[in-house]
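Structure first, then comments.
The values are calculated or read from the model by the stated rules, or taken from the named source; none is laboratory data. Keep in mind that this is a model prediction, so the values were computed, not measured. Glycine gets a Cβ as well: all are built from the backbone with ideal geometry, and neighbour counts include every protein chain shown.
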């Protein structure tokens, strides 16, 4: 299950932990976000123990969304050791996101 990333846990659970983090910025009212949601859940299972895969509800966590300049959702941001290394805006496939994650693991 995807980890819920919030304004209050971002620094401790994402920035300070290091490693690979995949953040899906979404909102309940966003139709395209509902398409990518199940993909994020599958990635959370696939990368369990290798990467933190989480979801950021932009309506409830505006600080994290603002920190990454998210203007359009869904947006998937991949971090390596707390620094942004990849970004994809819009709906995409599981294969494409897996490729982007795998590139950062090597």
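The residue that is surrounded by the fewest Cβ atoms within 10 Å (Cβ to Cβ), among those in the range 67-82 that are in contact (Cβ under 8 Å) with a residue 40 or more places away in the chain and over 23 Å from residue 16 (Cβ atoms), is 73. Here is the figure for the range 54-71: residues that are over 14 Å from residue 13 (Cβ atoms) and in contact with a helix residue (DSSP H, G or I) (Cβ under 7 Å, 6 or more places away or on another chain) total 1. Could you please let me know if residue 51 is under 25 Å from residue 99 (Cβ atoms), in contact with a helix residue (DSSP H, G or I) (Cβ under 9 Å, 6 or more places away or on another chain) and either surrounded by 14 or more Cβ atoms within 10 Å (Cβ to Cβ) or in contact (Cβ under 8 Å) with a residue 40 or more places away in the chain (or both)? Yes: the conditions hold for residue 51. The set of residues in the range 25-44 that are surrounded by fewer than 12 Cβ atoms within 10 Å (Cβ to Cβ) and more than 14 Å from the chain's Cα centre (by Cα) comprises 28, 29, 31.
When each of 21, 45 is tested for being within 15 Å of residue 3 (Cβ to Cβ) and assigned to a helix (DSSP H, G or I), the lone residue that passes is 45. In the set (1) at pLDDT 95 or above; (2) closer than 19 Å to residue 106 by Cα; (3) over 10 Å from the mean Cα position of the chain (by Cα), the condition left unmet by residue 22 is number (3).
Within the range 89-103, how many residues turn out to be assigned to a helix (DSSP H, G or I) and in contact with a helix residue (DSSP H, G or I) (Cβ under 8 Å, 6 or more places away or on another chain)? Give the steps one after another, and end with the answer.
Here is the first cut: in the range 89-103, the ones assigned to a helix (DSSP H, G or I) are 94-103.
From what's left, in contact with a helix residue (DSSP H, G or I) (Cβ under 8 Å, 6 or more places away or on another chain): 94, 97-98, 101.
Qualifying residue count for the region: 4.
Considering (1) surrounded by fewer than 15 Cβ atoms within 10 Å (Cβ to Cβ); (2) in a loop (DSSP other than H, G, I, E, B), the lone condition that residue 63 does not fulfil carries the number (2).
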